[in-house]
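See below for the structure under consideration.
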Amino acid sequence: MGSSVDLAGQRVLLVGATGGIGSPLARRLADAGADLVLVARREGQLRSFAQDVGGRTLAGDCTDSAFVDRLRDHVETDGPPDVLIHAAGSFDLAPIAETDPAVFRRLVDSNLLGPFLLMRAFLPGMLAAGTGHVVTVGSVAGRVAFPGNGGYSAGKFGVRGLHAVLEQELRGTGVRCSLVEPAATDTPIWDPLDPDRRDDLPPRSAMLSAEAVADAIMFVITRPPQVQIPAVAVQRS
Ligand SMILES: NC(=O)c1ccc[n+]([C@@H]2O[C@H](COP(=O)([O-])OP(=O)(O)OC[C@H]3O[C@@H](n4cnc5c(N)ncnc54)[C@H](OP(=O)(O)O)[C@@H]3O)[C@@H](O)[C@H]2O)c1
């Protein structure tokens, strides 16, 4: 089946680079010698992270199509990325009857529209090159319904559907796609909800580590070029 992909010198665009999952992933990618472009909205935090890890940065919101177009121009000066990873997204909890429409929109935008805009921007270059890998971080909440997850699951079920279509569209093109679907992972995404103080949420000690999720993403992107892992669930044993 060929050897695993060597990431040294590979151009990797990582959106959500400063996040709980994104930051250990960025470090793993940098250690593997990848040529990184790191994206998140908060510029100061992104710049200081990149000073530590290495890589170029562009701060902005991947749910904004004008920003994503600018990002494509920034990245594609020397060709399309070899790997595009969407590890951004946001989370919130509320029963549907009490969900603020603005919150619902934010959850669907960050978990579904953002990945779509990135695919739309970078697929033409990848398809023309006949190579590339699109990786999106979905969630167990894209397969399983949990109370309070109306907005989040709308985004995550949606992005799973988007990936299923992408998988069909990419057949035979040389471009791969993978959806990585973690269970609850101990990251700052949970901070506003303080799960250790609630009995309706898993305690942080029972969650996956972000490093374990980063490890699963590294596994997916280093499979031999002829091998595609369409979806991978990551759970606590
Ligand atoms: N943690 C979990 O339990 C868990 C479980 C399953 C799936 N996931 C998924 O894994 C992904 C990463 O989650 P995480 O736990 O690492 O979250 P996190 O710690 O909150 O990190 C999110 C990262 O994405 C960036 N970001 C958020 N919205 C963005 C936007 N619109 N445009 C550009 N960058 C944006 C954030 O930086 P800025 O705020 O500076 O933009 C940050 O770098 C998400 O898709 C999440 O749904 C998480």
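Here are the numbers for the structure shown:
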item	result
Sole exception among (1) free of Cβ contacts under 8 Å to residues at least 60 places away in the same chain; (2) surrounded by 18 or more Cβ atoms within 10 Å (Cβ to Cβ); (3) out of contact with any His (no Cβ under 8 Å at 6 or more places or on another chain) for ALA145, by number	(2)
Residue list for the range 90-112, filter: more than 10 Å from the ligand (Cβ to nearest atom) and among the hydroxyl-bearing types (Ser, Thr, Tyr)	THR99
Residue that is farthest from VAL234 (Cα to Cα) [pool: residues in the range 140-154 that are hydrophobic (A, V, I, L, M, F, W, C) and near the ligand (Cβ under 10 Å from one of its atoms)]	ALA141
Only listed residue being touching a residue at least 24 places away in the same chain (Cβ under 8 Å), within 16 Å of MET119 (Cα to Cα), more than 8 Å from the ligand (Cβ to nearest atom) and in contact with a Leu (Cβ under 8 Å, 6 or more places away or on another chain), chosen from LEU13, LEU7, LEU25	LEU13
In the range 176-194, the residues that are more than 10 Å from the ligand (Cβ to nearest atom), surrounded by 21 or more Cβ atoms within 10 Å (Cβ to Cβ) and hydrophobic (A, V, I, L, M, F, W, C)	CYS177, LEU179
Subset of the range 1-29 (residues that are charged (D, E, K, R) and within 21 Å of PRO182 (Cβ to Cβ))	ARG27, ARG28
Sole residue being modelled with pLDDT under 95 and surrounded by fewer than 20 Cβ atoms within 10 Å (Cβ to Cβ), chosen from ARG198, ARG171, ARG204	ARG198
Qualifying positions in the range 39-60 - touching a strand residue (DSSP E or B) at 6+ places or on another chain (Cβ under 9 Å) and either of a type in the set (Gly, Ala, Ser) or more than 9 Å from the ligand (Cβ to nearest atom) (or both)	ALA40, GLY44, ARG47, ALA50, VAL53, GLY54, GLY55, ARG56, THR57, LEU58, ALA59, GLY60
Given (1) in contact (Cβ under 8 Å) with a residue 40 or more places away in the chain; (2) in a helix (DSSP H, G or I); (3) among the aliphatic types (A, V, I, L, M), number of the condition ALA102 does not satisfy	(1)
Selection from the range 113-139 of residues that are farther than 23 Å from VAL227 by Cα and within 12 Å of the ligand (Cβ to nearest atom)	LEU113, GLY114, LEU117
Qualifying strands (runs of 3 or more DSSP E) (wholly inside the range 1-84; at least 1 residues being hydrophobic (A, V, I, L, M, F, W, C) and surrounded by 20 or more Cβ atoms within 10 Å (Cβ to Cβ))	11-15, 35-40
Within the range 86-98, tally of residues that are outside any loop (DSSP other than H, G, I, E, B) and touching a Ser or Thr at 6+ places or on another chain (Cβ under 8 Å)	1
Sole residue being within 14 Å of the chain's Cα centre (by Cα) and within 30 Å of GLY33 (Cβ to Cβ), chosen from GLY130, GLY79, GLY114, GLY125	GLY114
Pair list, Cβ under 7 Å, 6 or more apart: the range 185-198 residue free of Cβ contacts under 8 Å to residues at least 40 places away in the same chain, other residue assigned to a loop (DSSP other than H, G, I, E, B)	PRO195/LEU201; PRO195/PRO202; PRO195/PRO203; ASP196/PRO203
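The values are calculated or read from the model by the stated rules, or taken from the named source; none is laboratory data. Not measured: the values here are computed from a predicted model. So basically every Cβ, Gly included, is an ideal-geometry build from the backbone, and we count neighbours across all protein chains shown.
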